[in-house]
């Protein structure tokens, strides 16, 4: 957490029970903030923050009074709430959480006395640049191909920017890549694949699944830096490098002395199988992660340039393979079921 300075006013993390939110909370406490507040749902687990001396507020993002009470006296809000389930047959929950819920929070935040509102966005809001690195100014060019998940994330980021320009909200958008590291209890879809690999339960590797990645600790540090230095109305790419998932799993397996998957399946074959998976899901009226959209999200983006976060925020991320090794050790030591595949955050 080099470059971070403890601040006196209260910091609020909304969504602190999640993977990124719990690490943001932990880093606030570790850097010496004496008044750290979190807001989580009444049903949310506190496993990731149970050992931290934080003020816990229970409430929903649609509860106006709970939001006002949680934000009272705060100078920075870190918003880490997202529904990242692009495979849902019914996309309404995505829009309700990612857009309608955010709008409700922003209505309250716009009237609070904040210095920063740090919003966890997604690299899925960044456009593609087949001829080089895409950055924060690359126009988005794959909205239709991204389905309701990407549409809801782009709409959420646009909503934040409108509140910045029209309501004076001091908002900053952090476009976070796939995160790896310890404490991924749920786990995330990409973390679930790594968990399966290091437990010897992943039957095959997927050739062609490539994505932007970042260590969870470095992603959390980027959000804290944005709370201090982020320019209002700006977006920052929070990603350290572009990696093939096969390499990620090989690094993780080597860290715990487990052989990686022997066989590989081209992503085109997985895509073809996903149509059958979707058809069976419709017949059974159940969601499945093996959908054409979810497979498409696994290889649709091009590499990104994170130099803006480095130059403006002073962000200095570690090599992500180090975080992958830590994630592998965490998954190897915590025997929990692993989740299937997923796309970008």
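A few remarks follow.
- Residue 24 being in a strand (DSSP E or B) and either within 23 Å of residue 314 (Cβ to Cβ) or at pLDDT 95 or above (or both): no
- Enumerated strands (runs of 3 or more DSSP E) restricted to region 169-249, each holding at least 1 residues that are over 22 Å from residue 138 (Cβ atoms) and in contact (Cβ under 8 Å) with a residue 40 or more places away in the chain: 178-180, 205-207, 210-215
- Residue 274 meets each of the listed conditions (1) more than 20 Å from residue 201 (Cβ to Cβ); (2) in contact (Cβ under 8 Å) with a residue 40 or more places away in the chain; (3) surrounded by 19 or more Cβ atoms within 10 Å (Cβ to Cβ) apart from (2).
- The lone exception for residue 153 - which of (1) outside any helix (DSSP H, G or I); (2) in contact with a strand residue (DSSP E or B) (Cβ under 6 Å, 6 or more places away or on another chain) it fails: (1)
- Note on region 133-152: among residues that are touching a residue at least 60 places away in the same chain (Cβ under 8 Å) and within 11 Å of residue 95 (Cα to Cα), the one that is surrounded by the fewest Cβ atoms within 10 Å (Cβ to Cβ) is 148.
- Taking the criterion of being surrounded by fewer than 16 Cβ atoms within 10 Å (Cβ to Cβ) and part of a helix (DSSP H, G or I), the residues of region 277-291 that qualify are 279, 280, 282, 283, 284.
- A single member of 255, 309 is at pLDDT 95 or above, crowded, with 16+ Cβ neighbours inside 10 Å and in contact with a strand residue (DSSP E or B) (Cβ under 8 Å, 6 or more places away or on another chain), and it is 309.
- Test: residue 166 is out of contact with any strand residue (DSSP E or B) (no Cβ under 6 Å at 6 or more places or on another chain), more than 29 Å from residue 322 (Cα to Cα) and surrounded by fewer than 24 Cβ atoms within 10 Å (Cβ to Cβ): yes
- Flag for residue 210 being over 30 Å from residue 163 (Cβ atoms) and in contact with a strand residue (DSSP E or B) (Cβ under 7 Å, 6 or more places away or on another chain): yes
- Residue within region 314-321 that is under 19 Å from residue 216 (Cα atoms) and either over 21 Å from the mean Cα position of the chain (by Cα) or modelled with pLDDT under 95 (or both) present: no
- Cβ-Cβ distances below 8 Å connect the following pairs, each with a first residue in region 80-102 that is surrounded by fewer than 18 Cβ atoms within 10 Å (Cβ to Cβ), a second residue that is outside any loop (DSSP other than H, G, I, E, B) and at pLDDT below 95, and a separation of six or more residues or different chains: 89/281; 89/282.
- Residue 229 vs. criteria surrounded by fewer than 24 Cβ atoms within 10 Å (Cβ to Cβ), under 27 Å from residue 133 (Cβ atoms) and modelled with pLDDT of 95 or more: yes
The values are calculated or read from the model by the stated rules, or taken from the named source; none is laboratory data. The model shown is predicted, which means the values in this text are computed figures rather than measured ones. So basically every Cβ, Gly included, is an ideal-geometry build from the backbone, and we count neighbours across all protein chains shown.
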